[in-house]
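The values are calculated or read from the model by the stated rules, or taken from the named source; none is laboratory data. Keep in mind that what you see is a predicted model, and the values were worked out from it rather than measured. As a convention, Cβ positions derive from the backbone with ideal geometry for all residues, glycine included, and neighbour counts pool all protein chains shown. When the accessible area is computed, the model is the full protein with side chains, heavy atoms only, and any ligands, DNA or RNA have been set aside. Shrake-Rupley method; radii C 1.70, N 1.55, O 1.52, S 1.80 Å.
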Amino acid sequence: MSTTNGQLKSLDCTPSILDSISSDLEYKSVTDRYFSRRYCTNVKGVSKNDHLLLFHSNRICLVTLAPSHPLFSNDSEFTIDFQVGNLDRSKNWVKGKGKKGGQLLDASSTICKVVCKDGAEYNISSCINGKLIEINEMLLTKPMLLKTHPDSDGYIAVVLANIATSESRKEELLNEEKYLESVSADNVTVL
């Protein structure tokens, strides 16, 4: 495009030119471009309690649910409760470059509980040692984001691990290919 006398000229794009641009181009999401997906299956020994960790190169890790988690096949309404025992994860407060004040987590720490109206409950673990940087406060008012956009707006929490922990945990967990093999061997339908 060029400008003439401060006005914008539009491109002369005929339908044949537009049609020649591949309509099946697949644009990757931010998480697909900048995060490595790793899967933790049968968390805490619970069958199909599968979690997804999204690792960024800056050590930030997003915790969410894997597509094979039973919540995705449960049609009941649900809420997300960040009250874990006597600790309210939603009151986590960090400050500064070192993220001082972040709640310390180990891989088995429960971040929240998903409570369904049909009585089903799912404990969501961090699956990595680190500091809880934030929980996704949007889930308090819009819990369905966890089901509709689990790897973007519906993430559960952000955890910051040290470099060695992040790299070693990433290597221990299943990549997408191994995860799909695992759930197909278990006859689990990934939604």
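Among the residues making up the stretch 66-105, those that are more than 18 Å from GLU134 (Cβ to Cβ) and of a type outside the set (A, V, I, L, M, F, W, C) are PRO67, SER68, HIS69, PRO70, SER73, ASN74, ASP75, SER76, GLU77, THR79, GLY85, ASN86.
Tally time: how many residues in the stretch 30-71 are open to solvent by 70 Å² or more (accessible area, probe 1.4 Å) and among the hydrophobic types (A, V, I, L, M, F, W, C)? Adding up the residues that qualify gives 2.
With respect to the conditions (1) in contact with a Cys (Cβ under 6 Å, 6 or more places away or on another chain); (2) in a strand (DSSP E or B), CYS127 falls short on a single one, namely (2). Which residue is nearest to SER166 (Cα to Cα), if the candidates are limited to the stretch 72-126 and must be charged (D, E, K, R) and surrounded by 12 or more Cβ atoms within 10 Å (Cβ to Cβ)? Once the filter is applied, the top-ranked residue is LYS99.
Scanning the stretch 37-52 for residues being in contact with a strand residue (DSSP E or B) (Cβ under 8 Å, 6 or more places away or on another chain) and of a type in the set (Ser, Thr, Tyr) gives a total of 2. Once the stretch 119-157 is narrowed to residues that are in contact (Cβ under 8 Å) with a residue 40 or more places away in the chain and of a type in the set (Ser, Thr, Tyr), the residue that is nearest to LEU71 (Cα to Cα) is TYR122. Give me the pairs, please: first residue somewhere in the stretch 78-98 and within 20 Å of THR141 (Cα to Cα), second residue anywhere and modelled with pLDDT of 90 or more and of a type in the set (Phe, Trp, Tyr), beta-carbon distance under 6 Å, and either six or more positions apart or on two chains. So the pair list comes out as ARG89/PHE82; SER90/PHE82. The one condition from (1) in a loop (DSSP other than H, G, I, E, B); (2) open to solvent by 90 Å² or more (accessible area, probe 1.4 Å); (3) of a type outside the set (Val, Ile, Thr); (4) modelled with pLDDT of 85 or more that TYR27 does not meet is (4). Which residue out of LYS147, LYS170, LYS178, LYS142 is open to solvent by 80 Å² or more (accessible area, probe 1.4 Å) and in contact with a Phe, Trp or Tyr (Cβ under 9 Å, 6 or more places away or on another chain)? Only one candidate passes the filter, namely LYS178.
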